[in-house]
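A.B. asks: Dropping the structure in here first, questions after.
Every number in this text was worked out from the coordinates using simple rules, so none of it is lab data. In this text the structure is predicted, and so the values were computed from the model without any measurement. As a convention, Cβ positions derive from the backbone with ideal geometry for all residues, glycine included, and neighbour counts pool all protein chains shown.
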Amino acid sequence: MTDKKKDDSFQSKFVKLTHLYFRNTFCLFSEIGIHPKQIPLLCQLEKKEGMSQKEISENLHISAATVAVSMKRLEKTGVIERRSDQEDQRRIRIYLTERGRELIEKVRTCVEQNEKMIFQGFSESEMCLMKRFFDQMIANLEEDRTL
């Protein structure tokens with residue numbers, strides 16, 4: 001395959017797009033003081049405060065050790081707080097602090113900024129069609145269990 005054809009492949013364009021998207025997102029999130037990998041954890045807590053580390057680990061399909069490290073960092077920066085369960089003092093529940101809620105709002109603003117930049121010049125119907133294409137690609141990959 002020639003270099004021109006390789007650069008014009010769907011895979012090449014998709015890889016470049018995701019790389020640029022995550023680079024921009026990482027820069028925006030760095031400015032507000034959060035690592036992109038911590039965002040799903042915060043979103044879990046926003047949906048349901050008072051979860052245990054084990055529940056978060058199971059919901060996000062990540063190891064308990066990974067959650068513990070993230071929790072320690074987020075607690076140190078005042079984004080979350082741990083409290084004993086009122087019914088069972090041995091259990092620790094995790095809650096967002098006011099700073100954590102503010103951070104989630106800043107994350108939303110960053111994501112909106114990024115999406116505005118990405119979809120600049122696209123019509124509403126083109127964006128709708130692109131979402132449908134993405135949904136189909138996701139469904140195709142979820143169905144293919146041979147990988």
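A.B. asks: Suppose only helical runs count, i.e. DSSP H with n ≥ 4. What mean residue ellipticity at 222 nm does that imply for the chain under -39500 (n - 2.57) per run, divided by all residues and rounded to the nearest 500 deg cm²/dmol?
C.D. replies: Mean residue ellipticity at 222 nm (helix-derived): -22000 deg cm²/dmol.
A.B. asks: Give the separation of the Cα centroids, segment 17-55 to segment 86-130, in Å.
C.D. replies: Cα centroid to Cα centroid, the span is 8 Å.
A.B. asks: Work out the length of the dipole vector of segment 3-121 about its Cα centre, built from +1 on the beta-carbon of each Lys and Arg and -1 on the beta-carbon of each Asp and Glu, and round it to the nearest 20 debye. List each step's numbers first, then the result.
C.D. replies: Working: 23 positive and 18 negative charges, 76 e Å.
My answer is approximately 360 debye.
A.B. asks: Let me ask something additional. What GluC sites (Glu not before Pro) in segment 49-121 are in a loop by DSSP, with at most 11 other Cβ atoms within 10 Å of the Cβ?
C.D. replies: Numbers: sites: Glu49, Glu55, Glu58, Glu75, Glu81, Glu87, Glu98, Glu102, Glu105, Glu112, Glu115; in loops: Glu49, Glu87.
Filter output for segment 49-121: Glu87.
A.B. asks: May I ask you to derive the FRET efficiency for Lys106 and Gln11 from their Cβ-Cβ distance with R0 = 41 Å, giving the value to the nearest 0.05? Spell out each step's value before the answer.
C.D. replies: Values: r = 33 Å, r/R0 = 0.81.
In this case the efficiency is close to 0.80.
A.B. asks: Between Arg91 and residues 5 or more places away or on another chain, which pairs have amide H atoms under 5 Å apart, with H built 1.01 Å from N, and which residues are they?
C.D. replies: Long-range HN contacts for Arg91: Asp85.
A.B. asks: Between 0 and 90 degrees, rounded to the nearest ten: what's the tilt of helix 10-32 against the longest Cα principal axis of the chain?
C.D. replies: The helix 10-32 is inclined about 40 degrees to the chain.
A.B. asks: Give the long-range amide H neighbours of Met51: residues separated by 5 or more places, or on another chain, with amide H under 5 Å away, using H modelled in the peptide plane at 1.01 Å from N.
C.D. replies: Ile94
A.B. asks: Using a 7 Å offset from the Cα along the Cα-to-Cβ direction at both Lys37 and Ser63, what is the distance between the two label points in nm, to one decimal?
C.D. replies: According to this spin-label approximation, the distance is 1.1 nm.
A.B. asks: Taking 7 Å along the Cα-to-C-beta vector as the label spot, tell me the Arg73-Phe119 distance in nanometres, rounded to one decimal.
C.D. replies: Each label point is offset 7 Å from its Cα along the Cβ direction, giving 2.9 nm.
A.B. asks: Take the cross-link list Lys13/Lys116; Lys16/Lys47; Lys48/Lys76; Lys37/Lys106; Lys16/Lys37 and give me the ones stretching past 23 Å between alpha-carbons. Before the final figure, lay out the partial values.
C.D. replies: On the way: Lys13/Lys116 20 Å; Lys16/Lys47 32 Å; Lys48/Lys76 21 Å; Lys37/Lys106 15 Å; Lys16/Lys37 20 Å.
Table pairs above 23 Å Cα-Cα are Lys16/Lys47.
A.B. asks: Over the chain, what relative contact order in percent results from Cα pairs under 8 Å that are six or more residues apart? Present the calculation step by step, with values, prior to reporting the outcome.
C.D. replies: Values: 96 pairs, mean separation 29.8, N = 147.
Relative CO of the chain lands at 20 percent.
A.B. asks: Let me ask you something else. Using the Karplus curve 6.51 cos²θ - 1.76 cosθ + 1.60 with θ = phi - 60°, work out ³J(HN,Hα) for each residue of segment 102-119 in order, rounded to whole Hz, and write x for Gly and Pro.
C.D. replies: These are the phi-based 3J(HN,Hα) values: 5, 4, 4, 5, 5, 4, 4, 4, 4, 5, 4, 4, 4, 5, 4, 5, 4, 8 Hz.
A.B. asks: Next question. Taking the square root of 5 times each eigenvalue of the Cα gyration tensor, what semi-axes in Å does the equivalent ellipsoid of the chain have, largest first?
C.D. replies: Working: eigenvalues 255, 74, 45 Å².
Working from the Cα gyration tensor, I get semi-axes of 36, 19, 15 Å.
A.B. asks: Take Glu49, project a point 7 Å from its Cα along the Cβ direction, then tell me which residues of segment 90-120 have their backbone nitrogen under 15 Å from it.
C.D. replies: From segment 90-120, the list is 93-105.
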